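Have a look at the structure below, then the notes.
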Amino acid sequence: MMHGLLLLHKPTSMTSNAALSRVKRVLKTKSAGFAGTLDPMAIGVLPIALGEATKCLPYIEDVDKEYEFTVRWGIETDTLDTEGKIISENPNRPTEKEIQNILKNFTGEISQIPPAYSAIKINGQRAYDLARAGEAPEMKSRVVTIYKLKLINTIDTDHAAFRVTCSKGTYIRSLARDISYALGTLGHLVALARTRAGKFALADCIALDDLLAMPPEAAAQQVAPIPDMLPDLPRLSPDTAELARLRNGLPILLENHPPDRHYLILKDGTAFGIGIMKDQNQLWPRRIFVY
């Protein structure tokens, strides 16, 4: 079984789960998962963990993301993107100056209401299932952080392109809707690309079609080892006896290490597991990899 990280450039018109299934088939693995769902119409960075690397997914999900997106002014759809049906129209079209003037209102911590067509669970059911059944799910507002928001281009009277850097949990469809409302019109997404997820950039990704066209050996070479998946975790290389304790679920003593910090544990340069420092200078195993 393969263990590591594949950075996939997800194509449009495909769910993240469908892309994952294709990757699993070409790499002949049953154990795999991804960090950060992309809508079917969206393209871009989809980190996929294989084998024991799936234990690392919690460490790469809660990261900042960067997106580029295009808004079509004057039309709102029920899904807030091109996948939905038109529910309302508005003749107003914002000027470039008007757009620039309101962007400061959408930086920092903002409150947004997620789309009804989203995977958020409401009383145990997905919101999109309720919406598709004709119900109106009650979507509660949430606080997200917009670090940067820039107008890239006013393509024409009806379209404008943006770049945003934001926290986990930000819905770009909701952001496009709210920007439109602030400009006295309506709007929906016509293009969306995730260009970065944490340290992983679009330039580092392989297109799905390219991966599928490769022979198995070449496709396998696209999988990076687990340490490359966790570039921000400090490294530790315990001795043989300490590794045995960790594998048995026992702590090891490490002095002068700050508490509540995670570490990548190495054995002969290979990822052995992930530990966390607790009180009294003890490193406890949090995830142990079984190859």
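Since every read-out is calculated from the coordinates, none of them should be taken as a lab result. Since this is a predicted model, take the numbers as computed values, not measurements. In this analysis, Cβ positions are derived from the backbone assuming ideal geometry, glycine residues included, and neighbour counts consider all displayed protein chains.
Here are some notes:
- Peptides 117-124, 79-86, ordered by how many other C-beta atoms sit within 10 Å of their residues on average, highest first, read 79-86, 117-124.
- Prolate/oblate/rounded call for region 65-195, Cα gyration tensor, a/c under 1.5 rounded: oblate
- Reducing region 145-170 and region 208-273 to their Cα centroids gives an inter-centroid distance of 36 Å.
- In this simple spin-label approximation, THR240 and ALA18 carry label points 7 Å from Cα along the Cα→Cβ vector, and these lie 5.3 nm apart.
- Cα-based shape type of region 1-70, given that a ≥ b ≥ c are square roots of the gyration tensor eigenvalues and the cut on a/c is 1.5: oblate
- Average Cα contact separation per residue, region 76-190, under 8 Å, 6 or more apart, as relative contact order %: 33
- For the set LYS85/LYS168; LYS30/LYS199; LYS199/LYS267; LYS199/LYS278; LYS148/LYS267, the pairs lying more than 31 angstrom apart at their alpha carbons are LYS148/LYS267.
- Calculated SAXS-style log₁₀ I(q)/I(0) at q = 0.17, 0.25 Å⁻¹ - region 235-288, Debye, Cα scatterers: -0.42, -0.93
- Amide H contacts for ILE288 (H built 1.01 Å from N in the peptide plane; partners 5 or more residues away or on another chain; cut-off under 5 Å): ILE274.
- P(r) histogram, all alpha-carbon pairs of the chain included - 5 Å bins from 0, percent: 1, 5, 11, 13, 14, 13, 12, 10, 8, 6, 3, 2, 1, 0, 0
- Relative contact order for the chain, counting Cα pairs under 8 Å that sit 6 or more residues apart, in percent: 22
- Overall form of region 1-120 per C-alpha gyration tensor (a/c, 1.5; a/b vs b/c): prolate
- Here the chain is assigned +1 on the Cβ of each Lys and Arg and -1 on the Cβ of each Asp and Glu. Its dipole about the Cα centre then comes out at about 500 debye.
- Each Cα pair under 8 Å and six or more residues apart adds its separation to the average, and for region 235-288 the resulting relative contact order is 36 percent.
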